1. When the helix-only estimate is applied to the chain (DSSP H runs of n ≥ 4, each -39,500 (n - 2.57), divided by the residue count), what is the mean residue ellipticity at 222 nm, nearest 500 deg cm²/dmol?
2. So which lysines pass the test for K40, namely a Cα distance under 18 Å, with those fewer than 8 places away in the same chain ruled out?
3. What are the ³J(HN,Hα) couplings of the range 41-52, residue after residue, when phi is run through the Karplus curve with 6.51, -1.76, 1.60 and θ = phi - 60°? Round to Hz, x for glycine and proline.
4. Any idea what angle helix 12-24 forms with the longest principal axis of the chain, computed on alpha-carbon atoms, 0 to 90 degrees, nearest 10?
5. From the C-alpha coordinates alone, can you work out the Kirkwood hydrodynamic radius of the chain, in Å?
6. Could you sort 13-22, 74-83 so that the peptide with the highest average Cβ count within 10 Å comes first and the rest follow in order?
7. With each pseudo-label sitting 7 Å past Cα toward Cβ, what's the K92-M38 distance in nm, one decimal?
8. Please report the equivalent ellipsoid semi-axes of the range 1-48, computed as sqrt(5 x eigenvalue) of the Cα gyration tensor, largest first, in whole Å.
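A short reminder: the numbers here are calculations on the coordinates, not readings from a lab. Since this is a predicted model, take the numbers as computed values, not measurements. Using ideal geometry, Cβ is built from the backbone for each residue, glycine included, and neighbour counts are taken over all protein chains shown.
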Amino acid sequence: MDKTVLQIPVSKALRTRAEDVALDYGFSSLQEVIRVFMTKLAEKTIDISFQEVIMLSPKAQKHYQKMDEDFSIGKNVHLAKTIDDLKSQLAK
């Protein structure tokens with residue numbers, strides 16, 4: 001098999017973070033991730049998209065977790081059987 005070495009300059013911090021994630025995902029190394037990606041890319045069997053991930057602040061996470069717990073036990077939950085019932089609840 002004819003091989004070549006691909007050199008890509010990246011910061012040590014980026015390499016370390018990427019390697020940690022690769023291992024978390026079950027890959028044996030960062031190189032394995034890159035080989036798999038390049039193989040899929042060359043075969044045109046990969047769909048690439050970039051999405052911004054929005055992370056909640058710790059305060060917001062705590063707030064939504066509390067809301068979820070409240071909903072689970074029926075706390076601060078109201079049921080409206082009619083439009084008028086809903087309107088009166090919203091007016092409070």
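1. -17500 deg cm²/dmol
2. K3
3. The phi angles translate into 5, 5, 8, 6, 10, 10, 10, 9, 8, 10, 10, 6 Hz.
4. Relative to the chain, helix 12-24 is tipped by roughly 70 degrees.
5. 18.9 Å
6. Values: 13-22: 12.2, 74-83: 9.0.
Averaged packing, sorted descending, gives the order 13-22, 74-83.
7. 6.4 nm
8. 20, 15, 11
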